[in-house]
Every structure is written in structure tokens, then in C-alpha cells.
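Peer 1: Following this message is one structure expressed as C-alpha cells.
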Amino acid sequence: MNNNTHTEKIIVLRFSSMGDVAIVASFLKEFREKYPSVKTIMVSKPPFQAFFQDISDVTFHPLKAGKEHKGIFGLFKLYKELKQYKPSAIADLHDSLRSHIICSFFRLSGIKIQRLDKGRKEKKELTRPVNKILRQAQTYY
């Protein structure tokens, strides 16, 4: 974290899976305790907003995936909405095509991106029918 006088703002992307979003809420609560000067903008589906209500300095920004934020033009609209927060970084905890597109817009505007590696390659190696690579799976939270 920078020690600059301006307030750092991090946009966190996690769109689906209620359990995973609930874990992010738990993480953000601890993060806010450790870094109280960092403002956080959580982007997820509207039904998950309740998970973030009681966390100080976490702003919830709804993803309207089937409506306003549908398709490439909708994702660009979401990017423009999120850009108004003037973030210093993006935390992509979803690692999907949708989040990659949004992150690409931010990367083009010079914003740092950090992405959660969900270990998809390792999972495929473990579950393929032939030549499985058996090793302990990594934990990602």
C-alpha cells in the first residue's frame, strides 16, 4: 500500500457463486481492519449486497449482468461507471471472460490489475482421463 496522502481505492470483482462471494465478504472485513485507509468497491450481483452492508468503507456496486451490463457494450458501460471511483487497482477474484474484459479496459487506462489464479490448469491435469498429474491442490483463499 502506498503511503501517499491520497486515498487508495481498490475495486474487487467477484460475480457469482454465493459461497465464494460470502468468503470475499469475510476477507474484506479482515482487510479493512488491517488497511483502514484503503477504500474498497465491491462489484457483484445485487442479491449479494447484504454480505457487505456492515463492512466500513466498502461500497457495493451492483453488476446487472442480464440487463445494463450485458455484452461488450454493457461491460464498457460498467467500466465507465467503475472508473468514476478513480481506483488505484483492480482485484479480479472471478477470473472469467467478463472480468477479463473489464480488466482489459482498466489496464488500457493504466490501472494495476491483480488476478486470482484459480488453478484451472492444475484441475484439468488432475481430472483428465489419461496421464493424470496427481498432486496436492493449492488453496486459493
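A short reminder: the numbers here are calculations on the coordinates, not readings from a lab. Everything numeric in this text was worked out from a predicted model, so none of it was measured. When we count neighbours, we look across all protein chains shown, and the Cβ atoms used for this are built from the backbone with ideal geometry, even at glycine.
Peer 1: Can you give the extra length, in nm with one decimal, that the chain gains between LYS64 and GLN49 once fully stretched, where that is 0.36 nm per residue apart less the Cα-Cα distance? Don't skip to the end; give the middle numbers.
Peer 2: Values: separation 15, 0.36 × 15 = 5.40 nm, distance 1.25 nm.
4.2 nm is the gain from fully extending LYS64 to GLN49.
Peer 1: Using the Cβ atoms and a cut-off under 15 Å, what net charge is assigned to the surroundings of LYS67, where Lys and Arg are +1 and Asp and Glu are -1? Write down the numbers at each step before the final one.
Peer 2: Numbers: positive: LYS45, LYS64, LYS70, LYS77, ARG98; negative: GLU68, GLU81.
Result for the local shell: +3.
Peer 1: Treat every Asp and Glu Cβ in segment 25-65 as -1 and every Lys and Arg Cβ as +1, leave all other atoms uncharged, and give the resulting dipole magnitude about the Cα centre to the nearest 20 debye.
Peer 2: Numbers: 6 positive and 4 negative charges, 33 e Å.
Here segment 25-65 has a charge dipole of around 160 debye.
Peer 1: Where does each of ARG14, ARG98 land when they are ranked from fewest to most other beta-carbon atoms within 10 angstrom?
Peer 2: On the way: ARG14 27, ARG98 20.
The fewest-first ordering by Cβ neighbours comes to ARG98, ARG14.
Peer 1: Around ALA22, under 15 Å between beta carbons, what's the net of Lys plus Arg minus Asp minus Glu among the other residues? Present the calculation step by step, with values, prior to reporting the outcome.
Peer 2: Working: positive: ARG14, LYS29, LYS45; negative: ASP20, GLU30, ASP54.
Summing Lys and Arg as +1 and Asp and Glu as -1 gives 0.
Peer 1: Separate question: Can you give the extra length, in nm with one decimal, that the chain gains between GLU81 and SER17 once fully stretched, where that is 0.36 nm per residue apart less the Cα-Cα distance?
Peer 2: On the way: separation 64, 0.36 × 64 = 23.04 nm, distance 2.31 nm.
Contour length minus Cα-Cα distance gives 20.7 nm.
Peer 1: From the square roots a ≥ b ≥ c of the eigenvalues of the alpha-carbon gyration tensor of segment 9-127, which class results: rounded (a/c under 1.5), prolate (a/b over b/c), or oblate?
Peer 2: Numbers: a/c = 1.33, a/b = 1.07, b/c = 1.24.
Rounded, since a/c falls under 1.5.
Peer 1: Note the full-extension length gain between SER109 and GLU33 as 0.36 nm times their separation in residues minus their Cα-Cα distance, in nm to one decimal.
Peer 2: Working: separation 76, 0.36 × 76 = 27.36 nm, distance 2.96 nm.
24.4 nm is the gain from fully extending SER109 to GLU33.
Peer 1: Also, quick follow-up: Can you flag which of LYS34/LYS64; LYS29/LYS86; LYS80/LYS112; LYS39/LYS77; LYS45/LYS83 are past 24 Å Cα-Cα? Walk me through the numbers before you get to the answer.
Peer 2: Values: LYS34/LYS64 31 Å; LYS29/LYS86 22 Å; LYS80/LYS112 16 Å; LYS39/LYS77 22 Å; LYS45/LYS83 18 Å.
Flagged as over cut-off: LYS34/LYS64.
Peer 1: Near ASP54, within a Cβ-to-Cβ distance under 14 Å, what is the net charge of the other residues, with Lys and Arg +1 and Asp and Glu -1?
Peer 2: Details: positive: LYS29, ARG32; negative: GLU30, GLU33, ASP57.
Net charge around ASP54: -1.
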